[in-house]
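Here is the structure we will look at.
Just so it is clear, none of the values below were taken in a lab; they were calculated from the coordinates. It should be emphasised that the depicted structure is a prediction, and the values quoted were computed from it without experimental measurement. All Cβ positions, even for glycine, are placed from backbone atoms using ideal geometry, and neighbour counts span all protein chains on display.
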Amino acid sequence: MSNQRPIAAPYTAPHDVIKKEDGFLAYYFSAQVANRIVWFTFRFLPRVTPNFFTSSSLMLGLLTAYLFSRGDYQSLIWGVIILHISFIFDCCDGQLARLMGLKIQAGAWFDYHSDKIKDGCILIGFAWGAYTASGDQLVWVLLLAFFGIFFQFLRNICALNRDMFTLETSGKKDTPRMFIKNDKGNQLLRTLKHSSLFKLSDRVLLYTIFGLTNHAAFGIVLYAALAFFFSTISGLLNYKVFMEYDSNQNKK
């Protein structure tokens, strides 16, 4: 008797569970590698659950933060490598859950919050490494990292607030506003569209570029600037949505 689990409808093959709505690095590299791991796991390791990949991704993310914090170039290289493994595992949990037909709120909660923990810790480690490598001269890098975390957190709060509002008023989740319109099913444009929002995969790409080039401080500056930009846009969008709603309600 085969120990292979049946694939849950509507998926007909493991490749079908790759998210089409994702950033460039995620769709074209990380998710593709993850899919092969998920296929092997699904077929030969039936006891492995999505939470295994989420937990592994979190632990590897914290290891990345530690390696980044050391400040030497060799640790930066290893940190980038471990970071990509962590992100691949982060793609694995959702793919495996979809293949298994699982819809678990606790798992989704764990995945979401572990991503936020990794995001903050890796940025702090990256900044501390740049500070250490400078001979304790670049104190402003630590301050920028704090602002980067703050504005990224603010952006997430704005998006969650908008999600809750649209669910309450229309029964549907908020649709992300994109900078690239009318992709008409073109996958390349779709991934570029999502990458323009500075998602998690794009932050992984930022660490990769500035880590491999040994310019962590410049990476922190760019991270903080983008976090500030998108948190501002998200806040203004909330204001616009809520003002339009209040205006419509007062007209009734």
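Side notes on the structure shown:
- Close pairs (9 angstrom Cβ cut-off, 6 or more residues apart or separate chains): buried (at least 16 other Cβ atoms within 10 Å of the Cβ) in segment 182-201, of a type in the set (Val, Ile, Thr) and assigned to a loop (DSSP other than H, G, I, E, B) anywhere: Arg190/Ile180; Leu192/Ile180; Lys193/Ile180; His194/Ile180
- Near pairs, Cβ below 9 angstrom, 6+ apart or cross-chain, from segment 151-164 (in contact (Cβ under 8 Å) with a residue 40 or more places away in the chain and of a type in the set (S, T, N, Q)) to any residue that is loosely packed, with under 15 Cβ neighbours inside 10 Å and in a helix (DSSP H, G or I): Gln152/Lys116; Asn156/Lys116
- At least 2 residues being over 23 Å from Leu62 (Cβ atoms) is the threshold, and among the helices (runs of 4 or more DSSP H) wholly inside segment 125-237 those reaching it are 139-170, 187-195.
- Selection count, segment 202-219, where residues are buried (at least 17 other Cβ atoms within 10 Å of the Cβ) and either over 17 Å from the mean Cα position of the chain (by Cα) or among the small types (Gly, Ala, Ser) (or both): 5
- When each of Lys193, Lys172 is tested for being under 21 Å from the mean Cα position of the chain (by Cα) and farther than 23 Å from Val139 by Cα, the lone residue that passes is Lys193.
- Of the residues making up segment 49-63, those that are out of contact with any Lys or Arg (no Cβ under 8 Å at 6 or more places or on another chain) and either of a type in the set (Gly, Ala, Ser) or surrounded by 16 or more Cβ atoms within 10 Å (Cβ to Cβ) (or both) are Thr49, Pro50, Asn51, Phe52, Phe53, Thr54, Ser55, Ser56, Leu60, Leu63.
- Taking residues in segment 28-49 that are within 13 Å of Ile88 (Cβ to Cβ), and partners anywhere that are not in a helix (DSSP H, G or I) and not small (Gly, Ala, Ser), the pairs with Cβ atoms closer than 9 Å and at least 6 places apart or on different chains are Ser30/Asp22; Ala31/Ile18; Ala31/Lys19; Ala31/Asp22; Gln32/Ile18; Ala34/Ile18; Asn35/Ile18; Thr41/Val48.
- Candidates Asp136, Asp111, Asp115, filtered to the one that is touching a Leu at 6+ places or on another chain (Cβ under 7 Å) and surrounded by fewer than 22 Cβ atoms within 10 Å (Cβ to Cβ): Asp115
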